[in-house]
Structure formats: C-alpha cells, structure tokens
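Just so it is clear, none of the values below were taken in a lab; they were calculated from the coordinates. On a predicted model such as this, the values are computed, not experimentally measured, just so you know. Cβ coordinates were reconstructed from backbone atoms using ideal geometry, including for glycine residues, and neighbour counts include every protein chain displayed.
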Amino acid sequence: MPNYNPETGIAYGVAALNGLADWVFDEFFDHGTNVTFEAAEADYRAENGLGADDEIPQEWYDEYESDEEAYELETADGLKLGLDYLGGAALVWVFESPHTVEAPACSPCVPGAGDLDSIGGRSSGGTVRCYTLPAEWRASE
C-alpha cells in the first residue's frame, strides 16, 4: 500500500498516539467514525441477508467486542486523519492536512510515510515531505 496521498503525492505523516495531547483519542472517539465497528456491522448484515434498513438484534450489539478499533476523523480545519494499530501501538495517520513538514522516512514499518515522532532527528532512510498535525495536537512538555 502506498503511504502517500494519491492526489497530491505528499506522504502521509504517522505519529504515536501516546506522544500526542491527552484529548486526541477523545476527538476520534467523540467525532470520528469507528470503521472497525462499521465493518463488523456490515459483515453481520451480509452474513444474515439484512438490508441497510433492517434492524440488527440488540444481542449482537451487546456481544460486539474489539480490542483495537480503527477510526477516521475529518476536522473543520482540513485534517483527514486515521487512528489504527501497528503491533499493538496506536498510531495517528495524517492523510491530509494544511500543514506539511520534512520528516524522517518510516521505512520499513510504514514504507514511504513520514515519522512525525522523529522530526529533526537523523534517519538512515532519508526524509520525506509529509502531512503533519497542528502544534496544539502535540503533547505539552
């Protein structure tokens, strides 16, 4: 999977959730789309021949569980973000942003993306111009 925006050619930025402000997860949870849940719900509908307007039994909702749920979020200020997991670590993906930065390349874990946790550091894989988050999304020191 290419880790760059196919329309702009700018690389995605990737940051560890635990290095961002405490409220970032809540932003995804409160205002984003839980794509893991939506996929599970769509699978249930398909497996049981249910249409979009058919009710799913409450029992299915009561029993639904997922340890690592992926989210998508679009903000009013032009951010298109994802939250997903890699090896158990929660990562925030910046798919589109009015902000870009030169960052070390993430390869091999996320080939072609920019490592937003290592901006200003050295990288044996070189650097890439990538989308980034506004400063207020970073954890305060």
* Asked: If you take every DSSP beta bridge whose two residues both sit in region 13-137, what share of them, in percent to the nearest 5, is antiparallel?
  -> 90
* Asked: Considering only the other residues whose Cβ falls under 10 Å of the Cβ of ALA16, what net charge follows from Lys and Arg at +1 and Asp and Glu at -1?
  -> -2
* Asked: Just going by the charge dipole of region 13-137, with Lys and Arg at +1 and Asp and Glu at -1 on Cβ, which of ALA42, GLY78, PRO108 is farthest out on the positive end?
  -> PRO108
* Counting pairs of alpha carbon atoms under 8 Å apart in space and at least six apart in sequence, what relative contact order in percent does the chain give? -> 33
* Estimated distance in nm for a label pair at LEU17 and SER140, the labels positioned 7 Å out from Cα along Cα-to-Cβ -> 2.3
* Hey, can you grab everything whose amide H is under 5 Å from the amide H of THR100? Only 5+ residues off in sequence or another chain; H modelled, so Pro and N-termini drop out. => THR132
* Other-chain or far-sequence residues with amide H under 5 Å of PHE95's (modelled H) -> LYS80, LEU81, GLY82
* Asked: Could you give the angle, 0 to 90 degrees to the nearest 10, between helix 35-47's Cα long axis and the longest principal axis of the Cα atoms of the chain?
  -> 30
* GNM top mover of GLY32, GLY87, GLY112 - the chain, alpha-carbon springs below 10 Å -> GLY87
* Asked: Can you give the charge dipole size of the chain about its Cα centre, rounded to the nearest 20 debye, using +1 on the beta carbon of Lys and Arg and -1 on the beta carbon of Asp and Glu?
  -> 1260
* Asked: Taking every eigenvalue of the Cα gyration tensor of the chain, multiplying by 5 and rooting it, what semi-axes result, largest first, whole Å?
  -> 32, 16, 14
* Asked: At ASP67 and ALA39, where each label point lies 7 Å from the Cα along Cα→Cβ, what is the point-to-point distance in nanometres?
  -> 1.6
